[in-house]
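As structure tokens, the structure follows; a few thoughts come after it.
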Amino acid sequence: MTTPMTDMMTARRTALNAMADLPEPAAARRPFAGVRVRLEDHLPPHGARDIPPGLVTAVADRLVRDDGTHGAGAAVLTGLSRSFDLPAARAFHEALFGRVWDEVNRRSGPQGPGDHYRIKVNVTSDGAIPLELYGSRWSFKQLHMDRDALLFSHLYGPAAGFGGGTLRLVDIRTYMRRRALRFDDLFEWSREPTPGSKPVLRAEHEGPALGECGIDLGRPGPDEIVYVNNFPGAGVLHGFTPVVPEDRSSFVREFHRCSVKGVPSC
Ligand SMILES: [Fe+2]
């Protein structure tokens, strides 16, 4: 994928518009069935020198949707606290993301960016995000696709002093195919302080889409890593219920994020 990033909005609209015409998958499953991967099934209790290849495959199998795997488009790796404290978990997260991305990119064929991509790793503190960059001190909560990222993963923690903040995913590809819906039937564009926007599910469609094709994964914490296939054609939306600070003195909600986006080839 060598699409200039200024065209990612077009790529997302086009892909979402095409979902009504997709054929029924041969091995249709309930959206997000089997989304979880247990780290203990792949890693000794005290970690391993190298990332186990079977773990990379297990996560990628859940993320990739169109290579015959019929993955959910998301994966939740659980059980990190058994092997890692938070700094070690972040290091493991970053190392595993690179391996998972290599596998997802390889399986994506011409839909993927090939060698033209950039991986970004950062920590975001909810409630303290630079206003001038994002227009809000809080991470985006409505059900949406990120604009540029093709794959991302989050590891939450420390997290304390608030209620809400449960993670919700929607398989909007299945929802649009079943109901023959197009982009304009469901989506609007986010309002951003910087150029570009992301597709946002209109509020009146949240309930039906969540009920039929969604999952609430609860409040994520330092025991798990959440991966989302955010390719335009994957059709996976993510969002959070509102975060409600309950104890300002102890409030903290950080997440360590790994993401990758395609970059134009020269
Ligand atoms: Fe997002």
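Around the Cα centre of segment 174-255, unit charges on the Cβ atoms of Lys, Arg, Asp and Glu (plus for the first two, minus for the last two) sum to a dipole of about 320 debye. Close amide H contacts of Phe152 (hydrogens built in the peptide plane, cut-off under 5 Å, sequence separation of 5 or more or a different chain): Val228, Asn230. With the charge dipole of segment 5-262 set up from +1 on Lys and Arg Cβ and -1 on Asp and Glu Cβ about the Cα centre, the Cα lying farthest toward the positive end among the listed residues Cys258, Leu80, Leu39 is that of Cys258. Quote the relative contact order of the chain in percent (integer), defining contacts as alpha-carbon pairs under 8 Å separated by 6+ residues. Taking the mean separation of contacting Cα pairs over the length of the chain, I get 33 percent. With kT/(6 pi eta Rh) evaluated at 4 °C and eta = 1.567 mPa s, and Rh the Kirkwood radius from Cα pairs, the chain diffuses with a coefficient of 68 µm²/s according to Stokes-Einstein.
Taking other C-beta atoms within 10 Å as the exposure proxy, Ser125, Ser265, Ser259, Ser190 rank Ser265, Ser125, Ser190, Ser259 from fewest upward.
Here the dipole of the chain is about 140 debye; that uses its Cα centre as origin and unit charges on the Cβ of Lys and Arg (positive) and Asp and Glu (negative).
Taking the Cα centre of segment 1-128 as origin and assigning +1 to Lys and Arg Cβ atoms and -1 to Asp and Glu Cβ atoms, the resulting dipole is close to 180 debye.
The order of Thr174, Thr57, going from fewest to most other C-beta atoms within 10 Å of their C-beta, is Thr57, Thr174.
Values quoted throughout were computed directly from the atomic coordinates according to the rules given, and no laboratory measurement underlies them. Because the structure is predicted, anything quoted here is derived from the model rather than measured. Backbone-built Cβ (ideal geometry, glycine too); neighbour counts: all protein chains shown.
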